[in-house]
Amino acid sequence: MRTRALPAAQRGGLMIEVLVTIVICIIGLWGLTQVQARLQLSEMESYQRTQALMLLEDMVTRIELNRANAADYVTGTSSPLGVGYPGDCPAAGTDLATDDQGDWCVALRGAAEQIGTTRVGAMLGARGCVESTGTDQYMITVAWQGLAPLDAPPDGVACGKNAFDEVGSACVDDRCRRVVTSIVRIGDLGL
């Protein structure tokens, strides 16, 4: 049996098809790695938001349980509890509001998990603020650093404002600051 020789124009055609297939596979795999990286970023952002919501609800509950002394929980935005709080967290023992603030401060700093002597739980740079917004009304805020820039939180939420800006990165103008807030209204139960 004789084999027929391919014309010169067809030689190497199979090699080109193999190379094109390899290039297409490489582009597809690169795309999959990008999707995987984006999913991991989204998962971490979601985890941080979940932690923030739990810490927010914790302080809301503490204020509601000590409603007669709700004004004692006010920190303002200039000295937030957690990472932004200067020095040690408020010491326990003076009154329930101070005990609650100390516990919340430690939780915001990540007391739940440690690597060596560094606390790594909760969120990145977590701060908590309690503001008085009127008669018997308080806004509780948890702020932390997100991993990628988004739209900045509303101007009315001042907790952690400009604390997460990084010069030379995309994290400027509060675009990496994340916040969750809740309003607590203390009703007059003395009918």
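Laboratory data are not the source of any read-out in this text; all were calculated from the coordinates shown. Remember, it's a predicted structure, so these values are computed and weren't measured experimentally. Positions of Cβ are generated from backbone atoms using ideal geometry, with glycine treated the same way; all protein chains shown enter the neighbour counts.
Tabulated results
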{"read-out": "Principal-axis tilt of helix 96-109 within the chain, Cα atoms, nearest 10 degrees", "value": "10"}
{"read-out": "Protection-proxy order for peptides 29-42, 160-173, 74-87, 140-153, each taking the mean of Cβ atoms within 10 Å per residue, highest first", "value": "140-153, 74-87, 160-173, 29-42"}
{"read-out": "Cβ-isolated cysteines (cut-off 4.7 Å), the chain", "value": "Cys25"}
{"read-out": "Phi to ³J(HN,Hα) by Karplus 6.51 cos²θ - 1.76 cosθ + 1.60 over segment 26-35, Hz, x for Gly, Pro", "value": "5, 4, x, 5, 4, x, 5, 5, 5, 5"}
{"read-out": "In sequence order, calculated HN-Hα J values of segment 65-74 (Karplus, 6.51, -1.76, 1.60; Hz; x Gly/Pro)", "value": "6, 10, 4, 5, 10, 4, 5, 6, 8, 5"}
{"read-out": "More than 28 Å apart - percent of Cα-Cα pairs taken over segment 13-185", "value": "34"}
{"read-out": "Listed residues Gly102, Gly134, Gly28, most fluctuating in the chain (Gaussian network, C-alpha, under 10 Å)", "value": "Gly28"}
{"read-out": "Check: segment 13-185 dipole with +1 on Lys, Arg Cβ and -1 on Asp, Glu Cβ, in debye", "value": "260"}
{"read-out": "Selection from Gln48, Ala152, Ile16 lying farthest towards where the dipole of the chain points positive, charges on Cβ", "value": "Ile16"}
